[in-house]
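For reference, the structure is listed below as structure tokens.
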Amino acid sequence: MLNTTWDDDGESLFEMTWPALAFGACAGWQPGESSIDDFKNNYDWAFYRNPDSTFKGVLDDLARAHTAVKDNGWGDTADDTLFWSNPFSETGAKFMQKMLPAAREMRMGAEQALEALYRNRAAARANADTLDDVIFAAWRLDALGMKIQFSNEINHYYWDAYQHPSDGERVENDFEEISSTNARLEDLRDATTRLRGLYEKAWLRENRPYWLGNVLVRYDNLADKFQTKIVTMRDAQRQYGLQKTLLPPQQLGFSCSPPITERSLTGP
């Protein structure tokens, strides 16, 4: 039996593939059909020498995020398509709106996985060095869920301001939700640059520097899109302060006004 992993996209990290590789090894060693449930129930001890089910729970939480994406009609290419897309382009905005029902479940799964990993890292008495890559995976899933959630909320807030230009306090509050010291655009930019740093460390743990720049530039480009939008929104806010006028949403990349719930406005 040849048990392989393929990194054709130039971005994949080998250390993220251990659950699949371990299951492939089980399938090769054990007679008959290999039970996925039995494998998961034994994974903590077999791989981490941990006597409880902490890391099985982590895998289940991360799987929740993937299931939420697939339940909304996306296949295995969802992460690549959605994560790198510009959420303020016409196509990107449609992607983000379509995926909004999945955002909460994605973030809850990722954040519960992160909590378990940070609290129980010492429980891994073997292969503990692989946990940094699992942590990166959880942060990236959380960032994707945040991007889906926040881009829809940013869209909503600007449309709300545009539809109520005579209510100065309301307009200013909408702008503060979009871009300020710790507002949504800043959080999206900061999450992207944090992931860039985590990815660079993960890459260098297992690879030579060759090709790394071709991946990091994607993080740089995405962070630049958020930074450019921050500058654009600050300019729009200053224009409103001086002239009490707002540019049409479509001119700023807000092409639709999706329905939004109170729950999504307050976050997961």
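The values are calculated or read from the model by the stated rules, or taken from the named source; none is laboratory data. Everything numeric in this text was worked out from a predicted model, so none of it was measured. In this analysis, Cβ positions are derived from the backbone assuming ideal geometry, glycine residues included, and neighbour counts consider all displayed protein chains. Heavy atoms of the whole protein, side chains included, go into the accessibility calculation; ligands, DNA and RNA do not. Shrake-Rupley method; radii C 1.70, N 1.55, O 1.52, S 1.80 Å.
The angle between the Cα long axis of helix 90-120 and the main principal axis of the chain comes to about 50°, on a 0 to 90 degree scale. Taking all protein chains as they are arranged and a probe of 1.4 Å, the heavy atoms of S166 leave approximately 120 Å² accessible to solvent.
Taking 23 Å as the limit for the C-alpha separation, the pairs K201/K229; K70/K225; K70/K98 exceed it in the case of K201/K229; K70/K225.
Note: relative contact order over the range 1-143, using C-alpha pairs below 8 Å and six or more positions apart, is 27 percent.
Only DSSP H runs of four or more residues enter the estimate; each adds -39500 (n - 2.57), and after division by the residues of the chain the mean residue ellipticity at 222 nm equals -22500 deg cm²/dmol. When only the Cβ of Lys, Arg, Asp and Glu is charged (+1, +1, -1, -1), the dipole of the chain relative to its Cα centre reaches about 340 debye.
With each label modelled as a point 7 angstrom along the Cα→C-beta vector, the D167-Q30 pair spans 5.9 nm. Each listed q (0.11 Å⁻¹) maps to a log10 I(q)/I(0) for the range 176-249 from the Debye sum over equal C-alpha point scatterers, namely -0.40. The stretch between N42 and L59 holds 4.9 nm of extra length on full extension. This uses 0.36 nm per residue minus the Cα-Cα distance.
The mean accessible area for residues of the range 1-113, using a 1.4 Å probe and ignoring ligands and nucleic acids, is 56 Å² per residue.
Rounded to the nearest 10 square angstrom, M233 shows an accessible area of 0 square angstrom against a 1.4 Å probe. Rounded to the nearest Å, what's the spacing between the alpha carbon centres of the range 87-145 and the range 153-220? Just the number, please. Between the Cα centre of the range 87-145 and that of the range 153-220, the gap is 16 Å.
What the pair-distance distribution of the range 128-241 shows, using all Cα-Cα distances binned every 10 Å from zero, is 13, 37, 26, 15, 7, 1 percent. Counting only protein chain heavy atoms and rolling a 1.4 Å probe, the accessible areas of S180, S35 rank, largest first, as S35, S180. Measuring nothing but how far apart in sequence close Cα pairs (under 8 Å, 6+ apart) lie, relative to its length, the range 145-243 scores a relative contact order of 27 percent.
Helix 184-206 and the longest principal axis of the C-alpha atoms of the chain enclose an angle of approximately 30°.
With springs connecting C-alpha atoms under 10 Å apart, model the chain as a Gaussian network and identify which of A110, A27, A161 has the largest mean-square fluctuation. Looking only at A110, A27, A161, the largest GNM fluctuation is found for A27. Extents of the chain, taken as max minus min of Cα coordinates on every principal axis and listed largest first, are 74, 40, 33 Å. By the gyration tensor of its Cα atoms, with a ≥ b ≥ c the square roots of the eigenvalues, what is the shape of the range 184-227: rounded for a/c under 1.5, prolate for a/b over b/c, or oblate? In terms of gyration-tensor shape, oblate.
Against the chain, whose longest principal axis is taken from its Cα atoms, helix 18-29 shows a tilt of about 30°.
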